[in-house]
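The values are calculated or read from the model by the stated rules, or taken from the named source; none is laboratory data. Please read all numbers here as calculations on a predicted model, not as lab measurements. Note that each Cβ is placed from the backbone with ideal geometry, even for glycine, and that neighbours are counted across all protein chains shown. To get the accessible areas, we keep the full protein, side chains included, count just its heavy atoms, and leave off ligands, DNA and RNA. Shrake-Rupley method; radii C 1.70, N 1.55, O 1.52, S 1.80 Å.
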Amino acid sequence: MSTKSNLQVARAAYQPKLPNALKGPVKAVEGAATQSVGDQAEIKALFPNTYGMPVVEFVKGEAACNDRFNVGIILSGGQAPGGHNVISGLFDGVKSINPENKLYGFLMGPGGLVDHKYIEITPELMDEYRNTGGFDIIGSGRTKLEKEEQFEKGIEILRELDVKALVIIGGDDSNTNACVLAEYYAAKNYGVQVIGCPKTIDGDLKNEQIETSFGFDTACKTYSELIGNIQRDCNSARKYWHFIKLMGRSASHIALECALETQPNICLVSEEVEQKEMSLDDVVNYIAEIVAKRAADGNNFGTCLIPEGLIEFIPAIKKLIKELNEVLTDPATGESRAFASAEEQISFVKSNILPENLAILESLPEDVARQLCLDRDPHGNVQVSLIETEKLLSRMVATRLAAWKKEGKFVGKFSAQHHFFGYEGRCAAPSNYDADYCYSLGYNASRLIANGKTGYMSVISNTTAPAAEWIAGGVPITMMMNMERRNGAMKPVIRKALVELDGAPFKYFAAHREEWARTTSYIYPGPIQYWGPSEVCDLSTKTLQLEHQK
């Protein structure tokens with residue numbers, strides 16, 4: 001029996017579209033010198049060899065490059081749809097320069113480079129993974145490349161394989177590490193280039209140079225299909241409120257995009273909660289009031305979208321988390337403190353935080369307070385995905401409505417269902433947009449390598465236009481960096497992109513949410529379409545369309 005579905009077989013034949021500039025020989029057009037987005041003096045001092053480089057744009061050239069070189073590639077961090085197409089674009093790109101060029105994949109993330117675990121990506125292997133979701137061709141991992149001994153272990157295997165350049169596919173932290181590695185190898189004159197690719201379904205790796213991180217389009221379309229299905233059920237049964245938590249720890253881009261796609265009754269945007277300095281009680285009141293108004297209209301049902309990281313944006317809780325992160329970090333090592341048990345850790349926290357933060361901690365439901373006190377992720381952050389915010393809010397809304405019912409302020413019924421969409425979107429088969437965008441990012445990376453660039457991010461822009469009109473080039477990673485406090489110390493990092501409350505996508509949402517709250521204006525997007533008219537199959541996200549006023 002075949003191990004492939006009919007969709008996989010048909011999808012393998014899809015040839016991703018490329019910008020016209022990348023079809024054939026290219027010429028690199030360099031702009032003016034750049035500077036970091038913040039803390040220019042500090043970033044320049046930390047990256048003297050890779051700071052201030054120009055933005056590069058590729059245009060059609062005359063002489064074809066046929067240089068002989070090998071390339072390594074790493075998938076870093078969480079999965080995002082389209083990763084395999086970045087690899088296939090890079091593979092085809094390096095082979096188009098010289099058929100003898102080789103591509104090596106380091107296994108299970110950056111740890112594969114350090115531990116010298118790799119495979120050569122052959123044409124036969126590559127053909128198995130074109131236009132598929134997931135990262136399983138070489139696997140991914142969360143090892144952080146930040147120590148000199150790791151860099152030195154890496155150069156050993158890169159020299160052994162005669163690798164000219166290393167491409168790191170990752171989010172903001174992974175590309176920060178790519179920038180550090182590029183600087184180290186440049187300072188040592190090791191002759192190995194490092195190129196980054198912008199990946200994260202959360203959508204928070206974007207700026208004036210990066211229109212969108214890959215995987216965001218597919219993940220949002222996948223979640224929007226599921227939300228639409230729930231809303232159809234909701235509108236059919238007419239007896240449940242569905243509280244739906246969505247991926248997005250550091251920013252609410254996914255929740256906002258899904259709201260634009262599906263028009264739910266409620267969508268919380270963490271950045272607005274923070275700006276308005278809303279308390280947890282304010283958030284509960286906001287939801288309860290909409291529930292009560294719909295109940296007054298005879299509609300005891302609805303949908304509420306909640307970004308995963310909401311709890312961290314409530315100002316009082318944000319201050320608490322900031323101190324918890326400090327207290328749980330060992331100042332001597334910069335690593336998380338070790339404790340014999342969870343109870344010992346909680347006791348330590350309560351004994352070492354400020355009284356006002358202790359009061360906030362003790363005002364929270366016990367399960368939430370407990371999770372805030374416990375282990376951090378590899379980047380030192382609270383593991384907010386383990387906090388069941390959707391259940392916390394529905395529970396508190398139910399309590400509020402029960403109190404209002406006794407006072408005669410609520411006359412309806414309230415029954416909740418809960419959902420968390422995370423893994424469902426991370427490895428979906430990429431949409432046509434992501435298949436094309438990712439292939440272009442990888443192919444473009446091969447041209448950055450051929451042009452001798454290091455410390456650059458592969459970027460493709462103008463992506464709301466037909467793919468032939470997309471613009472290809474590279475941006476110095478240092479241009480996106482600033483200094484931020486991480487694990488008790490100031491470190492150079494790529495600045496995360498939050499939802500802009502004065503941006504076109506949020507303004508459109510804000511202009512329509514009162515209507516969506518009271519009426520039942522659901523949209524049912526349905527599944528991702530791969531074949532058919534371009535206006536159905538190749539569309540970018542609503543976010544990008546609104547940002548480009550399309």
Quiz item: What is the one condition in (1) out of contact with any Gly (no Cβ under 8 Å at 6 or more places or on another chain); (2) assigned to a helix (DSSP H, G or I); (3) open to solvent by 20 Å² or more (accessible area, probe 1.4 Å); (4) polar (S, T, N, Q) that Asn177 does not satisfy?
Solution: (1)
Quiz item: Pairs under 6 Å by beta carbon, first residue in contact (Cβ under 8 Å) with a residue 24 or more places away in the chain in the stretch 396-413, partner of a type in the set (Ser, Thr, Tyr), six or more apart or different chains?
Solution: none
Quiz item: Within the stretch 152-162, can you find the residues that are hydrophobic (A, V, I, L, M, F, W, C) and open to solvent by 10 Å² or more (accessible area, probe 1.4 Å)?
Solution: Leu161
Quiz item: How many residues are free of Cβ contacts under 8 Å to residues at least 60 places away in the same chain, open to solvent by less than 30 Å² (accessible area, probe 1.4 Å) and within 10 Å of Gly488 (Cβ to Cβ) if we restrict to the stretch 293-336?
Solution: 2
Quiz item: Counting only residues that are assigned to a loop (DSSP other than H, G, I, E, B) and either open to solvent by less than 70 Å² (accessible area, probe 1.4 Å) or touching a Leu at 6+ places or on another chain (Cβ under 7 Å) (or both), which one in the stretch 1-16 is modelled with the lowest pLDDT?
Solution: Lys4
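Among Lys206, Lys164, which is the only one that is of a type in the set (D, E, K, R) and more than 22 Å from Gly93 (Cβ to Cβ)?
Details: Lys164 fails: more than 22 Å from Gly93 (Cβ to Cβ).
Matching residue, one of Lys206, Lys164: Lys206.
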Quiz item: Which ones in the stretch 19-56 are open to solvent by 80 Å² or more (accessible area, probe 1.4 Å) and either within 30 Å of Thr464 (Cβ to Cβ) or aromatic (Phe, Trp, Tyr) (or both)?
Solution: Lys23, Lys27, Glu30, Ala33, Gln35
Exercise. Could you please give the count of residues in the stretch 485-509 that are surrounded by 14 or more Cβ atoms within 10 Å (Cβ to Cβ), aliphatic (A, V, I, L, M) and either touching a Pro at 6+ places or on another chain (Cβ under 8 Å) or not in a loop (DSSP other than H, G, I, E, B) (or both)?
Key: 4
Quiz item: Does the stretch 508-519 contain any residue that is out of contact with any strand residue (DSSP E or B) (no Cβ under 9 Å at 6 or more places or on another chain) and among the polar types (S, T, N, Q)?
Solution: yes
Exercise. Considering each residue of the stretch 429-457, count those that are surrounded by 24 or more Cβ atoms within 10 Å (Cβ to Cβ) and more than 30 Å from Gly191 (Cβ to Cβ), and give that number.
Key: 8
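Using the structure shown, decide if Val368 is at pLDDT below 95, more than 20 Å from the chain's Cα centre (by Cα) and open to solvent by less than 60 Å² (accessible area, probe 1.4 Å).
Details: at pLDDT below 95: yes; more than 20 Å from the chain's Cα centre (by Cα): yes; open to solvent by less than 60 Å² (accessible area, probe 1.4 Å): yes.
Yes: the conditions hold for Val368.
Output the residues belonging to the stretch 234-262 that are buried (at least 24 other Cβ atoms within 10 Å of the Cβ) and assigned to a loop (DSSP other than H, G, I, E, B).
Within the stretch 234-262, the first condition is being buried (at least 24 other Cβ atoms within 10 Å of the Cβ), and the residues that meet it are 241, 243-248, 251-259, 262.
Met247, Gly248, Ala251, Ser252 - these are the residues of the stretch 234-262 that are buried (at least 24 other Cβ atoms within 10 Å of the Cβ) and assigned to a loop (DSSP other than H, G, I, E, B).
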